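What follows is a single structure, written as structure tokens, with notes after it.
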Amino acid sequence: MLLAILVPMGTAPLCFVAGKRIGRVGSGLLATAALAISTGLLAFSWETVSTGRKLIENYGVWIGLFKLDVIFMQDYLSLAISVLISGISMLAAIYSIAYMGHEHNQEMYFSALLMFVAGMIGVVLSANLILFYLFWELMLIPSYFLIAYWGTGRARIVGFKYFMFTHAGAACLLFGILLTYSVTGTFNLIDLPQKLSEVAAGTLRVIMTLMFIGFAVKFAVFPLHTWLPDAHAEAPTPISVLLSGVMIKTGAYAIIRITLTLFPSELVKVAYALSVLAVATMLWGGLMAFAQTDIKRMLAYSSVSQVGYILFGIMSLTVLGLSGGLFNIITHGVAKSLLFMSAGAIIYRTGIRDITKLGGLAEKMPITAIATLCGGLSIAGTPPFAGFASEWMIFAGGFKAGYTILAALAIVATIVTAGYYLRMVKRVFFGECPENLTHTKEAPLSMLLPMSILTFLTVAFGIFAFAPLQIVYPAAEAIAKIIAGA
């Protein structure tokens, strides 16, 4: 597991130093190779995890008189998300080779991308709260530079807003971690459940609130979401893919791994209130997406809406709902990455982001048109695409938990989602092609390849949903047992 983090982290300075010599393509291929190795290493842990055992690596490090247990843990919960992060990042690196062709300092771009990914993988594998926090911050710093220095529009302002929001959330998280240590004497996630069971309920409530705020900012839960539409819309498209496809999922992972498993007795008390917040996030994000004409901004608000689905599934506290929430992390990661890549392909070939100024591109960009349609239908929960199975499980979990009205409103949100995606597809790919776009052609192969892989996965995960469910369902069962014992 440590090697899966060290490979991209160690390749980052190599990309920076050798980038001028090997060029953009060489840097991109080097980054892709590093992320492919990490993906393989993480996927290989399935052999151990599938037996029901946790894979734990403990490296004791002494800092003065203080011993920090550098612990990494892989189980059903972390396996799916860590492989999703590294896999999507590998495809984003391939996509970047052509997309970032006219950008400056490309060797620095690929170095920052690798450090960003190393931070995300580290967050998911860490089993020590201080180590978790260090990787949490490692995600923030390179992603800020990726937005501020390679973004579009008001990139510096947007990057600063992103930095301030997420750093404020990280500060709340740090206070919660330090308070946890003050009452338990450990940062070890493996030991904390037993030690926290002896702590007063009031103290637990304060710690849980601080940590949840930190995670909710990263997860972009309403009303802490306002950084997301700007950051995801103005970031370079491959980074939008990572921000929306995988980075915000680290917030969902943290809510489950830390907030839910360490404070189950306190979370049960506020589960319904957080479910209301989840439905508000769904509807607000969906309605705001409907109002957008900028294609990337529409996708960004759609991500806000989808955050609500995942949170609703988690807060149902049922095995079915938790499974759906975890499955939706995967299906949304795949489909939204595909949609941002498709949007990037359109912008790359036309130079236009305004949906109202596009049209008739299905004949010019048929692969992009199919990819966009598949991604949109999956996000809208249409069979046989991947999103259908995950959203059905989320709604069923909500009904099983007794959240009948909230589950009904969540289903209404899917109608809104289908509405703005189908409207976008109709305006961009059908109708009359504007005269200035008559010579538009399909995106380069290095962009179409990752898009084709993701298109295949949106269909495969829908038809063969049992494959990813073999990973996420046992994780949901384990979490449900913790809640039942609270």
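The values are calculated or read from the model by the stated rules, or taken from the named source; none is laboratory data. Just so you know, these numbers come straight off a predicted model, no measurement behind them. So basically every Cβ, Gly included, is an ideal-geometry build from the backbone, and we count neighbours across all protein chains shown.
Restricting attention to the range 397-424, the residues that are in a helix (DSSP H, G or I), surrounded by 15 or more Cβ atoms within 10 Å (Cβ to Cβ) and among the hydroxyl-bearing types (Ser, Thr, Tyr) add up to 4. Among the residues of the range 96-113, those identified as assigned to a loop (DSSP other than H, G, I, E, B), closer than 20 Å to Leu445 by Cβ and not hydrophobic (A, V, I, L, M, F, W, C) are Gly101, His102, Glu103.
Could you pull out the residue among Leu68, Leu134 that is surrounded by fewer than 18 Cβ atoms within 10 Å (Cβ to Cβ), of a type in the set (A, V, I, L, M), within 25 Å of Gly185 (Cβ to Cβ) and at pLDDT 90 or above? From the options Leu68, Leu134, the qualifying one is Leu134. Of the helices (runs of 4 or more DSSP H) lying entirely inside the range 215-328, those containing at least 2 residues that are within 28 Å of Gln74 (Cα to Cα) are 237-242, 248-254, 264-290, 295-315. Does any residue of the range 257-274 turn out to be closer than 30 Å to Glu103 by Cβ, crowded, with 20+ Cβ neighbours inside 10 Å and of a type in the set (D, E, K, R)? Checked the range 257-274: no residue is closer than 30 Å to Glu103 by Cβ, crowded, with 20+ Cβ neighbours inside 10 Å and of a type in the set (D, E, K, R). If you filter the range 365-381 down to residues that are within 18 Å of Tyr301 (Cα to Cα) and among the small types (Gly, Ala, Ser), you find that the one that is surrounded by the fewest Cβ atoms within 10 Å (Cβ to Cβ) is Ala380. Of everything listed in (1) within 26 Å of Pro468 (Cβ to Cβ); (2) at pLDDT 90 or above; (3) surrounded by 19 or more Cβ atoms within 10 Å (Cβ to Cβ), the single unmet condition for Ser111 is (1). Gly153 meets each of the listed conditions (1) surrounded by fewer than 19 Cβ atoms within 10 Å (Cβ to Cβ); (2) at negative phi apart from (2). Residues that are in a loop (DSSP other than H, G, I, E, B) and surrounded by fewer than 22 Cβ atoms within 10 Å (Cβ to Cβ) do not occur anywhere in the range 335-350. Pull up the range 382-396, narrow it to residues that are part of a loop (DSSP other than H, G, I, E, B) and surrounded by 18 or more Cβ atoms within 10 Å (Cβ to Cβ), then point me to the one that is modelled with the highest pLDDT. Among residues in the range 382-396 that are part of a loop (DSSP other than H, G, I, E, B) and surrounded by 18 or more Cβ atoms within 10 Å (Cβ to Cβ), the one modelled with the highest pLDDT is Phe385. Of everything listed in (1) assigned to a helix (DSSP H, G or I); (2) closer than 28 Å to Ile56 by Cβ, the single unmet condition for Thr186 is (1).
Restricting attention to the range 125-182, the residues that are more than 20 Å from the chain's Cα centre (by Cα), farther than 20 Å from Val217 by Cβ and of a type in the set (Gly, Ala, Ser) total 3.
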